[in-house]
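Quick notes on the structure that follows.
The values are calculated or read from the model by the stated rules, or taken from the named source; none is laboratory data. Keep in mind it's a predicted model, so treat the numbers as computed, not measured. FYI the Cβ positions are ideal-geometry reconstructions off the backbone, even for glycines, and counts take in every protein chain you see.
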Amino acid sequence: MPGTAIELIALMKRLIRIVFCIVTVATPAWAGPYEDGVTAYDQGRFDAAYVLWKPLAEQGNSAAQLNLGVLFEKGLGVAQDYAEAARWYMKAGERGMRKLSTTSR
């Protein structure tokens, strides 16, 4: 019996290590669309960043709105459009000001 208990403990330790390795490797896949957009931007895949950030920006995510402003201002992955850049910058600024005014009270 003692040999069986030791073998069971060793097996459990191996299983815990395997689960830890799987979780560690899979964690980057759990990033959300905003983070995936940042990764795409950093890799120079600006069109992919746009596709990931646009729905978030339309839902009111001020960071995504700001980033769309940058894409349009510089013409990264989209046609350069200063008016569209200004529109996204304004949306991000308005959202930021609302957050600031509600948290400063």
Check your understanding: Residues in the range 37-44: is at least one at pLDDT 95 or above, surrounded by fewer than 17 Cβ atoms within 10 Å (Cβ to Cβ) and outside any helix (DSSP H, G or I)?
Key -> yes
**Study point:** Number of positions in the range 1-36 that are in a helix (DSSP H, G or I), under 26 Å from Leu66 (Cα atoms) and at pLDDT below 90
**Key:** 3
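Can you find a residue in the range 77-84 that is crowded, with 20+ Cβ neighbours inside 10 Å and part of a helix (DSSP H, G or I)? Before the answer, list the steps.
Taking the range 77-84 and keeping what is crowded, with 20+ Cβ neighbours inside 10 Å, we get none.
The answer is no, given that none of the residues of the range 77-84 is crowded, with 20+ Cβ neighbours inside 10 Å and part of a helix (DSSP H, G or I).
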